[in-house]
Structure formats: C-alpha cells, structure tokens
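As structure tokens, the structure follows; a few thoughts come after it.
Only the coordinates and a few stated rules stand behind these numbers; no lab work does. Model, not experiment: these values are computed from the prediction. All Cβ positions, even for glycine, are placed from backbone atoms using ideal geometry, and neighbour counts span all protein chains on display.
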Amino acid sequence: MFLVVLGGIVALGLAAHALLLRRVGAERFGRWTSQIEGILFCVFLAAMLGLSGLQIVLRNFFHGGVLWIDPLVRSLVLWVAFLGALVATSHARHLHIDVVRRLMSPRVGIPVDRIVSAASAVCCALLANGAFIYLRDEYRHGVSPFLRVPSWAVQSILLWGFALLCYRFLVQAIWPSRVHPVSVAMDA
Amino acid sequence: MSLLIAIVLVVLALFSTPLFIILAAAAMIAFAREGISSSAVITQMSQLSAQPILIAIPMFTFAGYLFAESGTPQRLVRLTRSLVGWIPGSLALVAMIACAIFTAFTGGSGVTIVAMGGLLMPALVSEGFKKQYSLGLLTTSGSLGFLFPPSLPLILYSYVASQAASGLTLPEGTAPEINRLFLAGLLPGIFLIVVLSVFAFRQGTRAQRLPIREGLRDLWPAVKAAAWEIPLPFIILGGIYGGKLTVTEAATVTAIYALVVEVFIYRDISWKKLPAIAVEAMTLVGAILLILEAALGFMNFLVDAQIPMLILDWVRGIITSKFTFLLALNALLLVVGSLMEIFSAMIVVPLIIPIALEYHVNLVHLGIIFLTNLEIGFLTPPFGLNLFISSFRFKRPVTEVYRSTLPFLLILIIALLVITYWPAMSLWLPHLHEGVSAVPP
C-alpha cells in the first residue's frame, strides 16, 4: 500500500522535474537547486556550531548546560546526513568501487549507470517502506527526545530522505549526469 | 538462491553502485528471509541521532574543507620548511609532515593530494628531486596522517569497533575508546614518517646538495604568518587530555576556530564561498554516515546469523598462532585497502573483531594495525585509490605512478610489520596516560 502511494508521488515529482527542465533549462535549474542546498546546509551547520558552542561555554564557564541542546544537535546530524546523501546522489559522489566502471567507454558505461541508478531507486523505495513501518511504531511508542517534539517527527527524515533518494536516483537513471566521480573529486 | 542474490549484488557493486545501497539491500534481503521486516535496517539508521561521537564527523570535515580552501596549505609548508630546512633532503620531509598534518584534519586522503600536491610538486622538482621520486613521495604522503589525531578514520574505527564489541567482555584498558586510539596512533604515525625520511635523506643528499639556507631566517616570519593556526593542535589535544573537552566538543571548537580564523582573521575565504564549502563538506559527511549505518545494519544481521563465529571456526582450523593470524590479517587488510576507500573499509571491522579477540589481539592495537594497512593499501597496485588520484592530479599515466610509489610501498610494508609485531609502540602512550605500568601481551 505504502509503496503504491510512494510510486504515485515519485511519478508526479518526475513529471514536474521534466517540465521544469524544459521550462527553465538544465543550467538554471541546476543553479537553483545548488543555491537551495547551500542555504540549507549553512542553516544546519550554523545551528549545530552555534548550539554546541554555547553548550561548551555553559559547561566550562558556568558549570551548567541546556538539556535539550545535545539531543537536538544529534538529531541535526541525522538530517544533515540525509541532505548530504541527497546531494551526493545528484553529483554521483556516493562511495563506490569504480575499478570496473573506470575501464568502460561512455557507450557501455552510461547504460550501465542507468541500470545501477534504477536498481538503487528500487532499494531506496524499499527502505522508505521500512522507514514508514518504523515511524508507525515510533508514533505509538516513541519518547520525545527534546522539548516535547515527538520522536517520529525528528526521525521522519528517514522516510523523506529515502523517498527523495529514490526520486533522485530515478532522475539519474532518466537524465544521467555526465560528471565522472573522479573528476569531481579533482575539483574539490 | 542466496548465491544468485550474492552474485547480483557483487556485480552491481563492481559496476559502481553506491556501497550503502548494496549493504542496505543485503541486510534487507537477509532479514526478509528470516521473516524480519525491513524496518530492522531503519532502526539501525535511526541510531545516527543517538550517538554523540558522530557529531565530530560533520564538524571535523567542515573544518578540513575550510582549511583546504584557505591559505593554510601554503602557510603550513612555509612553516615546516623554515623549521627543518637545514637538513639535506628536507623538502621531502616538509612534504610528508605538512601532508600528514593536513590529512589528519581532513580525513579523506584524496583531498590532501589535491590540495597539497599542486603546491609541493613544483617545489620538489625545482630543488633537484627527481620527478619520479617526487611523484611517489606525494602519492605516499596523501594518506600519511591517518594515525594522528583528530583523524576521522580513527574516530570511525572507534565507533564501529565499540558497537561490534558491545556485549563482549574486554580486558581492562583495551576498550577501543577514541581517547586511547588517538594516543596509540602518535608513535606509530611518527615512526612511519621517520622511516620514510631516512629514504628521503638518502635521495636528498644526492639530489639537493645544499640545504635551504634561508630556512632559519624565515622562521620568525613564518611563525608570525601562521600564528593563528599553530595553537589549534594544542587546543585540541590539550583540551581532550587535560579533561576540559570531550572529542565531540573538540570537534566543535575546531570548526568554530577554523571558521573564525579563515573568514574573519585571514580573510582567505569570503562569505560568498561558504555555502559552496558547506555543500562540499556535507556531501562527504552524508556519504560517510549513510554507508556507516548501512554497514552496521548489515552487521546486525551477520551477528544474528552468527557469521563471525562461523568464520572464526574456519580460521581456527587453519591458523594456530597469534603470529600467523597477524600476518594473515595484514594480507587481508592490504587487499581491502587497495579495493575500497577508508570509510567503506570499516565494513570489515565487525568481522575481524571476534577473531582478533580469540587470538588475544588488543582492540586498540588492532585499530592501529587496521589503519596502517589501509594507508598502505591505498598505494598498492593495481587498484589503490591514491595511485589513481595522483595519476589524475599530476596528469601522469598510472603505470608511472605504480613504479614511482613502489620503493615507498616496500619501506612502508616493513614498517607495518614492525608496528604489527611490536604492540608496545602503540600501547605504551595510552598505558602511560592511564597509569597502567604493565603492557599486556
């Protein structure tokens, strides 16, 4: 049941993606997404740095601390991990063994990339399904980690994350990016 | 059926499928066959928000990328050069030390070759070092810092090993805690540099007859230029071992410090560049954390299915002494290191831990052996990661990189055997710090 709903949403997303690509062009579209990514990461990083920094000052100089800071920062790590994984997907920067891929010509390599991305999308859909089951349990029995924010809300990134990863992998399968992972590492 | 699934997964992995997908798929399939829901894998991933030590990963990575984008590499090289410039062949030493420090802060070995290589290669060649020698040296230096705090690989090993060993009873003082591992890595790390320097010294006396004269005269200006960066290692180590900071807090302090120093004081990095750097760093963090949790999810299944015990029974039949076990371990890890990069290689840690304990190998010592092996595996032909990065960075054919790295590789393997069979080198400092006088075998 969940997988059907997810499939519908992802299909809608892909249709919107195709429309946007045609309307604004791949280049501008890419610039928008990387701007949004940049802003999101800066906000998250600033929150993590600011809050943990404050906690260190409080602990060392005032012998106290705020109870909710530590669990909140730990939750931010989970969110940052998934956002980072999303960016890694669209830039083909996930950790992988590329010994064999490196030897392939683009004519063989790009179809292989498409199959690999499609298989990864299927796996992410199944993981999203698992996350849905997990969150359902968490909704019933979860204990709030901080500030009465329900634990399922904090953990919900597991569901969004894998659903979006599924979508991103499908985008890769349909419109493969031509960036070779090693060349990206070189620009770093 | 299982065999077919395994083959499909291995083929997909070889065709550059993200490894976290392979691991998560393997775990889901394995659990499904036991009638356990796929949410078991997710339960492990939710642990990402429960482990304080993991905060250190985004913090140190962000700091590392800030340093890489700033003028730190230049200042670091200048400082090291003015310090040891009077030794013949010192520029090789400069390269190694600067790269080691840089790697320790950034964790990923690829970044070091990319950031430092462009700076050091022309300098080495212009001072009379052979091109081939310089190429080998820089390729080798790219992973030389794994053993120095606050290296990310050490933090990750500590995390994975602690999870794998939870529930097992360890002898006192041998739990793979990060503070212990940081201390344990210091002497072996210095040892590797010293061994390589002897080789560099021989080459250097041949290539560069005159020591760099301006060296000491430049010391004071070089110190002044790097005045804001020099205190950092002391703040981190002093904070951790003085009991003022936990490792996680030290990571936060490093990130804040790097941000303030590079953006406000040196102004090497403009505000506008920060989002791009944040994206770069967090992309790596996402890739690392996901693969880590997928690996731990898979590990849960392996432990449930008692796979490590099966391997142990099998190994027990073949290997009878600790001596041969360590030799076999080294051979295995070199192969692992030559096939994967460091974060994926963490997958094998849970598999070797029960076996290592059976042969009375200290888990702190095991961590040092593990990382030294990976460091060398990266240089092992035909697939070692550094060989390829170096080939791209310096635009040399990979076969030439093989040849140039070979002498370094042989020296490092000898050093590895010393580190492996002389546990006291790794364990002396942690024991000293904790006040345990006797070094257990």
Determine, for each peptide in B:155-163, B:47-55, the mean count of other beta carbons within 10 angstrom over its residues, then list the peptides with the highest first. B:155-163, B:47-55
Quick check: the angle from helix B:56-69's long axis to the longest principal axis of chain B, C-alpha only, nearest 10 degrees? 30
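Rounded to the nearest 20 debye, what is the charge dipole size of the protein assembly as shown about its Cα centre when +1 sits on each Lys and Arg Cβ and -1 on each Asp and Glu Cβ?
For the protein assembly as shown, the charge dipole is close to 1660 debye.
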On C-alpha positions alone, give me the angle between the axis of helix B:307-318 and the longest principal axis of chain B, in degrees, nearest 10. 80
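If packing is taken as the mean number of other Cβ atoms within 10 Å per residue, what is the order of B:183-192, B:312-321, A:79-88, highest first?
In descending order of packing, they fall as A:79-88, B:183-192, B:312-321.
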Residue B:271: net charge of surrounding residues, Cβ under 15 Å, Lys/Arg +1, Asp/Glu -1, itself excluded? 0
Its Cα gyration tensor gives region B:6-93 an equivalent ellipsoid whose semi-axes in whole Å, largest first, are 46, 19, 11
Partner shielding of A:50-57, as the mean number of partner chain Cβ atoms within 10 Å, equals 4
Show me the three semi-axes of the equivalent ellipsoid for region B:40-177, from the C-alpha gyration tensor (sqrt of 5 times each eigenvalue), largest first, rounded to whole Å. 36, 16, 13
Classify chain A as rounded, prolate or oblate from the Cα gyration tensor: take a ≥ b ≥ c as the square roots of its eigenvalues, call it rounded if a/c is under 1.5, otherwise prolate when a/b beats b/c and oblate if not. prolate
Let me know the volume per residue of the alpha-carbon convex hull for region B:268-331, in Å³. 124
When the C-alpha atoms of chain B are aligned to their principal axes, what extent does each axis show, in angstrom, from largest down? 70, 50, 48
Here are some pairs, B:130/B:273; B:224/B:244; B:273/B:395; which of them have Cα atoms lying more than 32 Å apart in this structure? B:130/B:273
Angle between chain B longest axis and helix B:72-84 axis [Cα atoms, degrees, rounded to 10]: 70
Rule-of-thumb check for the protein assembly as shown: C-alpha Rg over 2.2 N^0.38 Å? 0.95
Shielding by partners, peptide A:69-75 (average Cβ within 10 angstrom, other chains): 4
Given the peptides B:297-306, B:383-392, B:166-175, arrange them by the average over their residues of other C-beta atoms within 10 Å, most packed first. B:383-392, B:297-306, B:166-175
Among B:49, A:104, B:256, which residue has its Cα furthest toward the positive end of the charge dipole of the protein assembly as shown, with +1 on Lys/Arg Cβ and -1 on Asp/Glu Cβ? A:104
Relative intensity, log₁₀ I(q)/I(0), of region A:22-106 from a Debye sum that treats every alpha carbon as a point, q = 0.14 Å⁻¹: -0.70
Tell me, Kirkwood radius of region B:111-183 from alpha-carbon pair distances, in Å? 14.8
Averaged over its residues, how many other protein chain Cβ atoms are within 10 Å of peptide B:239-251's Cβ atoms? 2
Return B:72, B:43, B:80 ranked ascending by Cβ neighbour count within 10 Å, so the fewest neighbours appear first. B:43, B:80, B:72
Given Cβ charges of +1 for Lys and Arg and -1 for Asp and Glu, the option among A:6, A:172, B:414 whose Cα lies farthest towards the positive end of the dipole of the protein assembly as shown is A:172
